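Reading through the structure tokens given below for one structure.
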Amino acid sequence: MAKILDGKTLSRKILDNLSEEIAKLDKKPHLTVILVGEDPASELYVGLKKKAAEKLCIKSTILKYPQDTDEKTILDKLEELNSDKDVNAILVQLPLPKQINEKKVIEAISPKKDVDGFTPENIGKISIGVEPYAYPCTPKGVLTLLDEYNIKLEGKHAVIVGRSNIVGKPLAQMLLNKNATVTICHSYTKNLADITKTADILISAVGKNKIIRKEMIKYNSVIVDVGTSKIDGKSAGDVDFENVFESTSYITPVPGGVGPMTIASLMENVLKLFKLA
């Protein structure tokens, strides 16, 4: 029978441990978040991050800018934050408005303050098997969750559906570094089900409800659902959970699976960058 990969419980344990460690520090870590525009999802995510930080006594500063803010304003602020010795972790909430080049903004963040782990230097370190200043939070959370349940990666076939720079691509490299055999699928992949059915570990990060169905999975495989969407006002994942459940060995719920692990990983990164400063 399938077992639930309980990210909610594990994240609570991680945050409790962080809280104990941070309580002993004379000076507290400082996370600064840049939020541009009024996207409801972005505001929600930033609010969750701020709440988690405050519970851990991490100083959090939210810098909000209007939708029509120009690129130079954000780049100038990042230059200022990079030089600010009081700030040890910087996060720019994505997506950004169209007039701002996301790649340019990410490149402008100091790798040693890049709490999301998205800068070219941090991603480059991962690609050559060197520990970055910070790992991207969602991929880090996925691997932490798999490790907690003693799910072995070495020699296993991991299939990732989704090739984003935030999840799919860095996660693929991190799995390779753990000696898994990795296949990445995306919107141009033909015969998707033929590939997903070969996965020992199937990770979906698309954001399209029930894109992964029972007939698309290998019996007794591990299913990690990273995707999130809203159905009738409720959070839903990429996987048809109820129909897939009995055919899996382990599976993440939505909500309560990868989402809490992403927040916990972010807080771990804040403390790590603080220690490196």
>> I want to confirm something. Restricting to segment 262-277 and keeping residues that are modelled with pLDDT of 95 or more and small (Gly, Ala, Ser), which single residue is farthest from Lys112 (Cα to Cα)?
In response: Ala264
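Rundown of residues vs (1) touching a residue at least 12 places away in the same chain (Cβ under 8 Å); (2) more than 25 Å from Ala236 (Cβ to Cβ), yes/no style:
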| residue | (1), (2) |
| --- | --- |
| Lys125 | no, yes |
| Ala158 | yes, no |
| Asn165 | yes, no |
| Thr181 | yes, yes |
| Ile195 | yes, no |
| Lys208 | yes, no |
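Among the residues of segment 133-154, count how many are surrounded by fewer than 19 Cβ atoms within 10 Å (Cβ to Cβ) and more than 12 Å from the chain's Cα centre (by Cα).
Step one: filter segment 133-154 for residues surrounded by fewer than 19 Cβ atoms within 10 Å (Cβ to Cβ), giving 144, 147-152, 154.
Now drop any that are not more than 12 Å from the chain's Cα centre (by Cα), which leaves 147-152, 154.
Residues flagged as surrounded by fewer than 19 Cβ atoms within 10 Å (Cβ to Cβ) and more than 12 Å from the chain's Cα centre (by Cα) within segment 133-154 amount to 7.
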>> Would you confirm whether or not segment 205-217 contains a residue that is crowded, with 16+ Cβ neighbours inside 10 Å, within 19 Å of Val159 (Cβ to Cβ), of a type outside the set (Gly, Ala, Ser) and under 18 Å from the mean Cα position of the chain (by Cα)?
In response: yes
> Within segment 234-250, how many residues are within 18 Å of Ala193 (Cβ to Cβ) and aliphatic (A, V, I, L, M)?
Replying inline: 2
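Any idea which residue in segment 51-78 is surrounded by the most Cβ atoms within 10 Å (Cβ to Cβ), counting only those that are farther than 18 Å from Lys98 by Cβ and among the β-branched types (Val, Ile, Thr)? Please lay out each step first, then the result.
Here is the first cut: in segment 51-78, the ones farther than 18 Å from Lys98 by Cβ are 51-64, 76-78.
If we keep only those that are among the β-branched types (Val, Ile, Thr) too, we end up with 58, 61-62.
Details: Ile58: 24, Thr61: 14, Ile62: 16.
Out of the qualifying residues, it is Ile58.
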>> Show me the strands (runs of 3 or more DSSP E) found entirely inside segment 196-261 where at least 3 residues are modelled with pLDDT of 95 or more.
In response: 201-204, 221-225, 248-251
> Can you tell me which residues in segment 220-263 are of a type in the set (Asp, Glu) and under 13 Å from Val142 (Cα atoms)?
Replying inline: Asp225
>> Just the residues that are over 18 Å from Thr144 (Cα atoms), part of a strand (DSSP E or B) and of a type in the set (A, V, I, L, M, F, W, C), please, taken from segment 1-32.
In response: Leu31
> When you go through Lys104, Lys113 one by one, which is the residue that is basic (Lys, Arg) and either out of contact with any helix residue (DSSP H, G or I) (no Cβ under 9 Å at 6 or more places or on another chain) or touching a residue at least 60 places away in the same chain (Cβ under 8 Å) (or both)?
Replying inline: Lys113
> in contact with a Pro (Cβ under 8 Å, 6 or more places away or on another chain) and surrounded by fewer than 24 Cβ atoms within 10 Å (Cβ to Cβ), is that true of Met174?
Replying inline: yes
> Restricting to segment 17-50, what's the tally of residues that are under 30 Å from Lys234 (Cα atoms) and exposed (fewer than 12 other Cβ atoms within 10 Å of the Cβ)?
Replying inline: 4
> Could you say which residue among Ser42, Ser60, Ser83 is in contact with a helix residue (DSSP H, G or I) (Cβ under 7 Å, 6 or more places away or on another chain) and of a type in the set (S, T, N, Q)?
Replying inline: Ser60
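Each row is one residue, and each column tells you yes or no for (1) buried (at least 18 other Cβ atoms within 10 Å of the Cβ); (2) closer than 30 Å to Phe274 by Cα; (3) touching a strand residue (DSSP E or B) at 6+ places or on another chain (Cβ under 8 Å).
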position: Val130; (1), (2), (3): no, yes, no
position: Lys156; (1), (2), (3): yes, no, yes
position: Ala180; (1), (2), (3): yes, no, yes
position: Asn191; (1), (2), (3): no, no, no
position: Tyr219; (1), (2), (3): no, no, no
position: Ile223; (1), (2), (3): yes, no, yes
position: Ser229; (1), (2), (3): no, no, yes
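The values are calculated or read from the model by the stated rules, or taken from the named source; none is laboratory data. The structure displayed is predicted, hence computed values, not measured ones. All Cβ positions, even for glycine, are placed from backbone atoms using ideal geometry, and neighbour counts span all protein chains on display.
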